[in-house]
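The values are calculated or read from the model by the stated rules, or taken from the named source; none is laboratory data. Keep in mind it's a predicted model, so treat the numbers as computed, not measured. Every residue, glycine among them, receives a Cβ derived from its backbone with ideal geometry; neighbour counts consider all protein chains shown. Side chains are part of the model used for accessible areas, which takes the heavy atoms of the whole protein and leaves out ligands, DNA and RNA. Shrake-Rupley method; radii C 1.70, N 1.55, O 1.52, S 1.80 Å.
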Amino acid sequence: MSLPTGRAARTGQYLALLAYLVFLAFPFLWLLSTAFKPARELGSLHPTWIPEQPTLDNFRQAFEEQPLLQAAANSLAAAVSAALIAVVIATPMAYVMARHRGRLATAATGWVVVSQAFPFVLVIIPLFLVLKNLHLINTLWGLILVYVVWSLPFALWMLAGYVRAVPAELEEAAAVDGAGRVRTLVSVVAPLLAPGIVATALFAFITAWNEFFFALVLLKTPEKQTLPVVLTHFLGAEGVADLGPLAAAAFLATLPSLVLFAFIQRRITGGMTAGAVRG
């Protein structure tokens, strides 16, 4: 009786996983279908999954109507800079939090947890005033600073978990060989943290790439606006969406995150497996 029961449980798990994958993939597949549909099909009362007459006119129109390339460059600059800066700051801080237990580490962990509960609306006014005094309103550097601060708590929490997984005996051996704290962190701990650093940088990048609210409030010049903000320009004055070009632009905006994750995910898994084998 146990064998059929085990097969039934496994079948149920696979069916649940398949349903979850369909749930996640449905918006993207519908977006892809809409991006290639001509205007006549978009207004049809009987929509279809596969466009009957696929066209690239929506992509052409999207690039003609809005500065997508400039907006993508702004988003890329902000996301890459925020990810790199957040990882550089979070790595040594996470090491201290994981290795030195005390009131300071406990307070830092509490700050990490509490800061994630702050809604955007609660911090936007004081944040705007601070950036105004620093003359960073309507600048990419001001937006990058916000992204770094906003992603830093989660990056700390994430990297601290990876640091705790590194055997302390390796650091003790490095200390016996005469290595100091900084050299131990750079030469011993950091290479073992590579999968965690990559995963944290990926999180910070995707968070900054998709972020909308801060970019909307802090960037006013069209030439400096990021891609999520520019996508809203496809909405008319009365909220009517130019559906075809909007879908095409949104599809292009989604691709970098998907491609980056697909490219790095294999390396994250490979690094974790290699670390397990070495352990």
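Solvent-accessible area of D177, all protein chains in place: 130 Å² (probe radius 1.4 Å, heavy atoms, ligands and nucleic acids excluded). Each part gets one Cα centre, and for region 84-107 versus region 11-37 those centres are 38 Å apart.
Evaluating 6.51 cos²θ - 1.76 cosθ + 1.60 at θ = phi - 60° for every residue in region 152-161, the Karplus couplings come out as 4, x, 5, 4, 4, 4, 5, 5, 4, x Hz, glycine and proline recorded as x. Among A90, A249, A117, the largest mean-square fluctuation in a Gaussian network model of the chain (Cα springs under 10 Å) belongs to A117. Going by a ≥ b ≥ c, the root eigenvalues of the Cα gyration tensor, does region 1-76 fall in the rounded group (a/c under 1.5), the prolate group (a/b larger than b/c) or the oblate group? It is oblate, given that a/c is not under 1.5 and a/b is not larger than b/c.
Output the peptides 19-30, 150-161 sorted from most to least packed, where packing is the average of other Cβ atoms within 10 Å over each peptide's residues. Mind dumping the intermediate values first?
On the way: 19-30: 10.6, 150-161: 21.3.
Packing proxy ranking, top to bottom: 150-161, 19-30.
Rounded to the nearest whole Hz, the Karplus-based 3J(HN,Hα) values (6.51 cos²θ - 1.76 cosθ + 1.60, θ = phi - 60°) of region 162-168 follow the sequence 5, 5, 5, 7, 7, x, 5, with x at glycine and proline. From the alpha carbon centroid of region 219-264 to that of region 140-160 is 23 Å. Mean residue ellipticity, 222 nm, helices only, the chain: the sum of -39500 (n - 2.57) across DSSP H runs of n ≥ 4, divided by residue count and rounded to 500, is -25000 deg cm²/dmol. Protein heavy-atom surface of the chain, 1.4 angstrom probe: 71% of the accessible area is carbon and sulfur, with nucleic acids and ligands not counted.
Translational D (Stokes-Einstein, µm²/s) of the chain at 10 °C and 1.306 mPa s when Rh comes from the Kirkwood sum over C-alpha pairs? My calculation gives 72 µm²/s for D. With all pairs of different C-alpha atoms in the average, the Kirkwood value for the hydrodynamic radius of region 66-196 is 16.8 Å.
Straight Cα distances below 19 angstrom link K37 to the aspartates and glutamates E52, D57, E64, E65, D242, with same-chain residues fewer than 8 positions distant left out. Using Cα-only point scatterers and the Debye equation, what is log10 of I(q)/I(0) for region 151-207 at each q in 0.20, 0.23 Å⁻¹, rounded to two decimals? The calculated log intensity ratios at q = 0.20, 0.23 Å⁻¹ are -0.73, -0.87. In this structure the chain gives 60 Å² per residue of accessible area when probed at 1.4 Å with all protein chains present.
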